[in-house]
Amino acid sequence: MIKTHAFNLGELPNFTVNATYSEITRAHPENVNNAHIHPECEIYVNLSGNVSFIVEGRIYPIVPGSVIISKPYEYHHCVYHSDEVHKHFWILLSLPATESGRKLFSKFLDRVPGENNLLCFEKSAEKEFFSLCSALSNKSLTVCEKYALTFRLLMMIEGANTVDKPQKSYPQELDTALKYIDKNFKSSSLSLDEIADYSGVSINTLERYFKKFITISPSSYIKKKRLAAAAELLFQQKSVSEASDFSGFSDYSHFISIFKKHFGMTPLQYKKRLEKDITSDI
């Protein structure tokens, strides 16, 4: 079951809220066991399910009540560890076009990618936060309610504590490999041999760790990291060739092909759509 409600806060240019409540399994075609690559800030709220969450090179253990935030084009995806139903809220917040509007998102933006993504609320505040998420996914809201709920949500995010060093539940070698990839994925010559050697494991062990703890192969992880980087470069109005070269793709035609497969449009179409979205709201 998926319920989505999107609306626009007109007096803040280019500020849109899209709140979704989901009850899905890893077999569901719309599950999030894949890379989320988008220009919005995201709030993920876990309610149930045997999952973890990877942001950039960090795997966060997830329990009911866990809240993960990510900023535009910060690589992330939810990892399913069983067929158990996964209940969660998923809220996307577009960045306002104005600089003053972006100050509302300091908790999202003023971070090193992959750090301080996991938030922690006091028990008394946790219940209110969940109620806000639930209310935002309700279509029957007045304009005043939309404003009040959205800004209260942002206020609570701003005041939340972060869990900077969550307990690891995966091998150190995988942690080493993820950090190495995050540092070097923009090099088109990066190889599995190189990653495995640096991490002190065989390629077979490296691939086994990725499959078990991240549910994708090292090659897929690198490809999705490069796609995220390319999409961000297009968002920054770089050319298609620059997006290809600077994100680690060695073959221009291959880049266009896999970009279209992932996003459903060519890099140039993606860039033009972003340009249209930005100019139409300023």
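Tell me whether the range 101-120 contains one or more residues that are farther than 29 Å from Gly49 by Cα and basic (Lys, Arg).
yes
Look at Gly101 and say whether it is small (Gly, Ala, Ser), under 25 Å from Leu274 (Cα atoms), in contact with a Lys or Arg (Cβ under 6 Å, 6 or more places away or on another chain) and not in a strand (DSSP E or B).
Against the criterion (small (Gly, Ala, Ser), under 25 Å from Leu274 (Cα atoms), in contact with a Lys or Arg (Cβ under 6 Å, 6 or more places away or on another chain) and not in a strand (DSSP E or B)), Gly101 does not qualify.
Looking for whichever is surrounded by 21 or more Cβ atoms within 10 Å (Cβ to Cβ) and at pLDDT 90 or above here; the options are Val32, Val67, Val63. Which one fits?
It is Val67.
What is the residue count in the range 119-146 for residues that are outside any loop (DSSP other than H, G, I, E, B), modelled with pLDDT under 90 and among the basic types (Lys, Arg)?
Of the residues in that region, 2 qualify.
For the structure I just gave you, tell me whether Val55 is surrounded by 15 or more Cβ atoms within 10 Å (Cβ to Cβ) and touching a Phe, Trp or Tyr at 6+ places or on another chain (Cβ under 6 Å).
In short, no.
Which residues, taken from the range 219-242, are of a type in the set (A, V, I, L, M, F, W, C) and without any contact (Cβ under 8 Å) to a residue 60 or more places away in the chain?
Answer for the range 219-242, where residues must be of a type in the set (A, V, I, L, M, F, W, C) and without any contact (Cβ under 8 Å) to a residue 60 or more places away in the chain: Ile222, Ala230, Leu233, Leu234, Val240.
Within the range 74-118, take every residue that is of a type in the set (Ser, Thr, Tyr) and either at pLDDT 95 or above or closer than 24 Å to Lys212 by Cβ (or both) and give me the one that is farthest from the chain's Cα centre (by Cα).
Ser82
Regarding Ser134, is this residue surrounded by 14 or more Cβ atoms within 10 Å (Cβ to Cβ) and closer than 30 Å to Ile216 by Cα?
The answer is no for Ser134.
When the range 250-268 is examined, which residues are found to be under 16 Å from Tyr75 (Cβ atoms) and either in contact with a Ser or Thr (Cβ under 8 Å, 6 or more places away or on another chain) or part of a loop (DSSP other than H, G, I, E, B) (or both)?
Phe259
Checking Glu194 against (1) under 22 Å from the mean Cα position of the chain (by Cα); (2) of a type in the set (D, E, K, R); (3) more than 30 Å from Ala97 (Cβ to Cβ), which test does it fail?
For Glu194, the exception is condition (1).
The values are calculated or read from the model by the stated rules, or taken from the named source; none is laboratory data. Computed from a predicted structure; not experimentally measured. Every residue, glycine among them, receives a Cβ derived from its backbone with ideal geometry; neighbour counts consider all protein chains shown.
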